[in-house]
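Okay, structure first, notes after.
The values are calculated or read from the model by the stated rules, or taken from the named source; none is laboratory data. Everything numeric here is computed off the predicted structure, so don't read it as measured data. When we count neighbours, we look across all protein chains shown, and the Cβ atoms used for this are built from the backbone with ideal geometry, even at glycine. What goes into the accessible areas is simple: the full protein's heavy atoms, side chains included, and nothing from ligands, DNA or RNA. Shrake-Rupley method; radii C 1.70, N 1.55, O 1.52, S 1.80 Å.
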Amino acid sequence: MPLSIHPVDPVGRPEFAGMVAGIDVRRPVTQGQVGEIVAGMDKYAVLVFRGQQIDDEQQLAFSRNFGPLEIANSDVRRDEDRRLKPEIADVSNLGKGNAIMSRDDRRRLFSLGNQLWHSDSSFKPTPAKYSLLHARVLPAKGGNTEFADMRAAYDALDDEAKAEIADYVCEHSQQYSRGVLGFDFTDEERLKNPPVPQRLVRRHPGSGRRSLFLSAHAGAIRGMPVPEARALLRDLTEHATQRQFVYAHEWRAGDLVMWDNRAMMHRARRYDPSEVRELHRTTVADDRPTLEQAA
Ligand code: OGA
Ligand code: MN
């Protein structure tokens, strides 16, 4: 069966979130298939591959078709507590020995930052391009992942707003996103991760469209008083995450969801913390900082 991609919502939003059929991610893929997937990503920015029973090695091999992977080093987990390979982000509520983390476990509290709208690794000098998230174990209810389309959100701004924000440069840091939830870093952790600059409006190379590069990690705009910057970023985020721009993914075990962080924000939704939720993420790095990309 050849690879095909159909809109998840053909009537309401035919250009947003695609369902991929005709591919077994466990098998090596051809350059032709990689090209079709990249073209699908440029169009939809979120692709869903259902029923993929892959292990970590297969997820790594598939992900590497799209570029070099990030190392998933957490700032609050000690290396000896790591459950998975360095290139796999552990998106779960499990600690070592696969036990559910206690409610006040610092690693768990840190990971709750995923419930704020964000773009992956926007706090790194070169942020993420694609993320690939694979569902292993899911709670009985809750725990959806939502995606908001930053190209559509940009398009919907009026001309005055587009002109105002055209050249803004934001500062991104996990200190801002975690600070919103009242999570405290140690001084040592803080020094490890100084804020990085990112363009607020960027051009998505594959589609040529502009997109709003918002993220919970953005906490300042260069040349603007901080409260004014945060009020503006909040306002833009509120605009960009209205329901007409959002696709809510209801997970099934075996789903692999791939999204383009240059064109999407996403967030996790709450679930019962006494149940296991385990997903594994691989992340393809972008090739350079946003300030070095064509505007
Ligand atoms: C991520 C993330 C959301 C979720 O893996 O980058 O934000 O629903 N996950 O777990
Ligand atoms: Mn994320």
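Ligands, DNA and RNA are left out, and with a 1.4 angstrom probe the accessible area of segment 4-287 is 45 Å² per residue. When the accessible area of the chain is split by element with a 1.4 Å probe, what percent falls to carbon and sulfur? Its accessible area is 50 percent carbon and sulfur atoms. In straight-distance terms, cross-link reach from residue 43 covers every one of the lysines whose alpha-carbon lies under 24 Å from its own, apart from those fewer than eight places away in the same chain; here that gives 129, 162. All C-alpha pair distances within segment 117-222, sorted into 10 Å bins from zero, spread as 13, 38, 32, 15, 2 percent across the bins. Computed over the Cα atoms of segment 4-287, pair by distinct pair, the Kirkwood hydrodynamic radius stands at 19.4 angstrom. With loop membership from DSSP and a limit of 15 other Cβ atoms within 10 Å, the longest segment of the chain without trypsin sites (Lys or Arg not before Pro) is 142-221.
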